[in-house]
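Following: one structure in structure tokens, then a few remarks.
The values are calculated or read from the model by the stated rules, or taken from the named source; none is laboratory data. Fair warning: this is a prediction, and the values are worked out from it, not measured in the lab. When we count neighbours, we look across all protein chains shown, and the Cβ atoms used for this are built from the backbone with ideal geometry, even at glycine.
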Amino acid sequence: MREQLGGPSGSAPRAGRLRVGVIGAGKVGAVLGAALRAAEHAVTGVTAVSEASRERAENLLPGVPVLEAREIVAGSDLVLLAVPDDVLSELVAGLASLGAWKPGQLVAHTSGRYGVGVLEPVRAAGAIPLSIHPAMTFTGLSLDLGRLTDCVFGVTADAPMLPIAQALVIEMGGEPVVIPEEQRVLYHAALAHGSNHLVTLASQAAQLLAEIGVAEPERLLAPLLRASLDNALASGESALTGPVSRGDAGTVASHREALTGRDALLRQASEDDGGPRPGGHLAGAGDDILESYLAMARATLQRAVRQDRLRAEQAAALGDVLG
């Protein structure tokens with residue numbers, strides 16, 4: 001299948017090149033379109049509504065015309081749908097109502113949440129639905145193309161069509177991993193929990209350090225967080241360290257006391273400044289850190305108990321501290 005779909009960038013064009021249309025010149029769509037173009041497919045059109053998306057399309061897909069979605073579908077062998085999850089279903093159904101989808105056409109979306117069920121109108125029209133989701137965070141810049149090398153894509157398709165989805169991923173430099181249709185939401189939840197919440201945790205830690213006068217908290221945190229992530233990925237829960245895993249309830253209690261006192265100071269400062277900000281957030285966004293610390297400490301305690309790291313009295317003491 002890879003031989004049919006593409007070859008290495010720089011080789012002479014061969015039979016089997018696809019006309020690719022990209023609907024959504026966001027950070028993902030523009031980058032994947034550029035990767036398919038580098039694999040010698042012809043990107044024939046892209047949608048770009050905002051000024052940022054038009055600039056992104058111009059930088060990553062120079063010379064590719066900006067067209068309406070229906071025009072792109074009409075002129076493409078492969079349609080890449082790189083739009084937000086919440087509009088994907090409506091977009092697919094809307095194009096189906098216009099009779100846009102064509103028999104034999106490849107239609108791939110990049111949503112992590114969905115498999116191919118969301119593309120049922122595509123299937124009903126005789127087109128081939130594919131789901132190819134890169135497990136990567138994107139900037140929308142050319143440097144993302146390098147990140148696709150060895151990037152894992154979660155792919156879902158009807159069994160006879162899986163080789164097509166896998167070949168497209170391989171052509172972009174990625175590694176396909178098959179995700180069952182019924183497990184797509186849990187797959188996406190795992191990635192969001194790991195990636196998005198990692199950013200939140202790092203930001204909270206940096207905020208606390210900045211508040212106590214550390215001028216460049218990122219420099220202090222970077223070696224520690226990188227080592228922790230590397231150890232966790234290499235060794236799993238056996239890499240767990242820190243006061244909870246050691247059963248040090250006194251230290252955890254001191255953390256809770258300090259964070260609670262900090263919140264009280266922020267609350268007082270907010271009242272002195274005229275009350276909470278719109279939406280109920282305190283000045284300085286203070287109250288989320290204590291809540292996050294306690295939630296993650298409770299989860300860590302549960303895992304430490306399951307690993308038999310703690311004596312019963314240590315686990316009980318920590319449970320009392322964490323409420």
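Here are the numbers:
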quantity	calculated
Unmet requirement for Cys151, which otherwise passes all of (1) within 27 Å of Ala52 (Cα to Cα); (2) more than 16 Å from the chain's Cα centre (by Cα); (3) hydrophobic (A, V, I, L, M, F, W, C)	(2)
Scan of segment 1-24 for residues that are modelled with pLDDT under 95 and either within 20 Å of Leu141 (Cβ to Cβ) or part of a helix (DSSP H, G or I) (or both), ordered by number	Arg2, Glu3, Gln4, Leu5, Ser9
Pairs, first within 20 Å of Leu162 (Cβ to Cβ) in segment 177-193, second modelled with pLDDT of 95 or more and part of a helix (DSSP H, G or I), C-beta under 7 Å, six or more apart	Val178/Leu162; Ile179/Tyr187; Glu181/Gly117
Any hit, segment 281-288, residues being of a type outside the set (Asp, Glu), modelled with pLDDT under 95 and at positive phi	yes
Of residues in segment 122-172 being among the polar types (S, T, N, Q) and modelled with pLDDT of 95 or more, the one surrounded by the fewest Cβ atoms within 10 Å (Cβ to Cβ)	Gln166
Qualifying position, being in the same structural domain as Leu60 (by TED's automatic domain parsing) and either in contact with a Leu (Cβ under 6 Å, 6 or more places away or on another chain) or among the small types (Gly, Ala, Ser) (or both), among Ser203, Ser131	Ser131
Residue in segment 287-310 that is surrounded by the fewest Cβ atoms within 10 Å (Cβ to Cβ), counting only those that are of a type in the set (Asp, Glu) and within 20 Å of Leu259 (Cβ to Cβ)	Glu291
Answer residue from segment 292-323, given it is basic (Lys, Arg) and in a loop (DSSP other than H, G, I, E, B) and is farthest from the chain's Cα centre (by Cα) among those	Arg311
Flag for Leu106 being more than 25 Å from Ile179 (Cβ to Cβ), over 20 Å from the mean Cα position of the chain (by Cα), aliphatic (A, V, I, L, M) and at pLDDT 95 or above	no
Output for segment 109-140, where each listed residue is over 13 Å from the mean Cα position of the chain (by Cα), without any contact (Cβ under 8 Å) to a residue 60 or more places away in the chain and outside any strand (DSSP E or B)	Val118, Leu119, Glu120, Pro121, Val122, Arg123, Ala124, Ala125, Gly126, Ala127
Filtered residues of segment 51-80 (kept if hydroxyl-bearing (Ser, Thr, Tyr) and in contact with a His (Cβ under 8 Å, 6 or more places away or on another chain))	none
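Every residue, every condition in (1) among the hydroxyl-bearing types (Ser, Thr, Tyr); (2) at pLDDT below 95, yes or no:
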{"position": "Ser228", "(1), (2)": "yes, no"}
{"position": "Glu237", "(1), (2)": "no, yes"}
{"position": "Gly247", "(1), (2)": "no, no"}
{"position": "Leu266", "(1), (2)": "no, yes"}
{"position": "Gly279", "(1), (2)": "no, yes"}
{"position": "Ala299", "(1), (2)": "no, no"}
{"position": "Gln307", "(1), (2)": "no, yes"}
{"position": "Leu322", "(1), (2)": "no, no"}
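Results for (1) more than 19 Å from Ile128 (Cα to Cα); (2) of a type in the set (A, V, I, L, M, F, W, C), shown as yes or no for each residue.
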| position | (1), (2) |
| --- | --- |
| Ser142 | yes, no |
| Leu145 | yes, yes |
| Leu148 | yes, yes |
| Gly154 | no, no |
| Ala167 | no, yes |
| Glu182 | no, no |
| Leu191 | yes, yes |
| Val199 | yes, yes |
| Ala206 | yes, yes |
